[in-house]
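A short write-up of the structure that comes next.
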Amino acid sequence: MKIIPLALALVMSATLAQAQAPAATLPPNILAVPVDAPPQKAPPLGPYAVTIETDASLPTHTLYRPTDLAAVKGKLPIVAWGNGACANSSERFTPFLTKIASHGFLVVAIGPKDAPPWTPNVAPGQGAPIVAPRTSASQLIDAIDWAQGENAKAGPYRGRIDTTAVAVMGQSCGGLQAIEASGDPRVKTTVVWNSGVIIDQGGLPKLSNATKDSLKAYHAPVAYFIGGPVDVAYPNAEDDFARITTVPVFKGNLNVGHGGTYRHVNGGWFGEVGEAWLAWRLKGDKTAAKLFEGAKCGLCLAPEWKIEKKHMD
């Protein structure tokens with residue numbers, strides 16, 4: 001069996017049965033949680049109840065947004081999300097994305113709300129096949145375009161969206177999509193989860209158009225949140241971090257493996273830091289910034305996290 005250092009996104013697809021037989025597989029324990037992983041964490045939700053829906057004017061995506069838009073203080077920043085496996089469903093990330101939206105963000109995730117959730121279709125003990133993705137980075141751009149358009153036209157979002165505050169982010173293969181979309185000049189921050197540009201593509205199916213040269217298009221602060229050395233995306237993220245030289249970049253490793261904490265209560269550890277990063281970078285929240293800024297930043301002092309950063313302090 002050929003073992004490829006790649007992210008979970010590379011193994012996920014809702015249509016494994018229809019895909020062509022792949023040339024490579026990943027080990028069957030790719031989602032194993034380390035025995036010494038930190039205890040699960042349940043961060044509180046934000047002040048806003050959340051509605052999850054697909055809007056008729058954007059049937060290819062799912063919205064996670066505050067239910068009562070009129071009650072939100074300030075305007076909603078835009079967060080475009082790409083799923084692990086480049087899957088056409090954000091269902092596996094619902095607790096995580098709900099946590100973010102509850103703090104006053106408009107999350108526009110690839111995949112309609114009622115799309116079938118990804119389910120592994122692999123015999124026990126066998127490696128998952130690597131297949132070509134079902135979605136593309138262009139759908140993150142579609143998400144941004146749609147949100148900015150809704151802010152300008154008559155409707156519930158008119159004047160309620162901060163069209164200057166835009167993030168692209170995603171997990172695993174979705175992280176590659178976020179990297180690819182980062183060159184859009186509207187992007188104010190990129191967040192890469194359990195991912196990084198593949199060091200050696202080898203005989204793998206093409207998962208995105210992201211290459212190491214794509215990192216040169218970063219023009220705004222970037223964060224990488226990875227599952228520690230056991231995360232199959234770890235070497236790719238480490239290599240990305242070493243190559244980034246022109247923008248502020250933060251890298252946090254938490255020993256939870258490639259599956260992250262997205263399905264834990266309110267997104268667990270990743271939900272907490274993800275919302276804080278977005279609050280800092282898109283809303284200018286100085287309290288949230290304390291988790292990341294300075295030699296004694298909150299995550300720097302947390303024993304569960306291993307932190308590196310450049311061009312920040």
Can you send over the carbon and sulfur percentage of the accessible area for the range 151-240, probe radius 1.4 Å, protein chains only? 53 percent
For the pair Thr164 and Thr246, how long in nm is the line joining their label points, each one 7 Å along Cα→Cβ? 2.3 nm
Could you tell me the distance between the Cα centroids of the range 141-186 and the range 232-289, to the nearest Å? 19 Å
Packing-based order for 92-98, 294-300, using average beta carbon neighbours within 10 Å, highest first: 92-98, 294-300
Could you do me a favour and compute the accessible area per residue for the range 161-266, 1.4 Å probe, result in Å²? 30 Å²
Log entry: pair-distance distribution for the range 194-291, C-alpha pairs binned every 10 Å from zero, whole % per bin is 14, 40, 37, 7, 1
Which of the pairs Lys188/Lys290; Lys41/Lys310; Lys206/Lys306; Lys41/Lys73; Lys73/Lys113; Lys73/Lys153 have their Cα atoms more than 23 Å apart in this structure? Lys41/Lys310; Lys206/Lys306; Lys41/Lys73; Lys73/Lys113
If unit charges are put on Cβ atoms (+1 for Lys and Arg, -1 for Asp and Glu) and the dipole of the range 140-224 is taken about its Cα centre, the option from Gly183, Pro221, Gln171 lying farthest towards the positive end turns out to be Pro221
What nm distance separates the two modelled labels at Thr67 and Asp285, each placed 7 Å from Cα along Cα→Cβ? 2.1 nm
Once the piece of chain linking Ala32 and Ser138 is laid out straight, how much longer is it, given 0.36 nm per residue of separation minus the C-alpha distance between them? 35.0 nm
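The values are calculated or read from the model by the stated rules, or taken from the named source; none is laboratory data. This structure is a prediction, so every number in the text was calculated from the model and none was measured. Ideal geometry is used to build each Cβ from the backbone, glycine not excepted, and the neighbour counts take in all protein chains shown. For the accessible areas, the whole protein counts, side chains as well, though only heavy atoms, and no ligand, DNA or RNA atoms are used. Shrake-Rupley method; radii C 1.70, N 1.55, O 1.52, S 1.80 Å.
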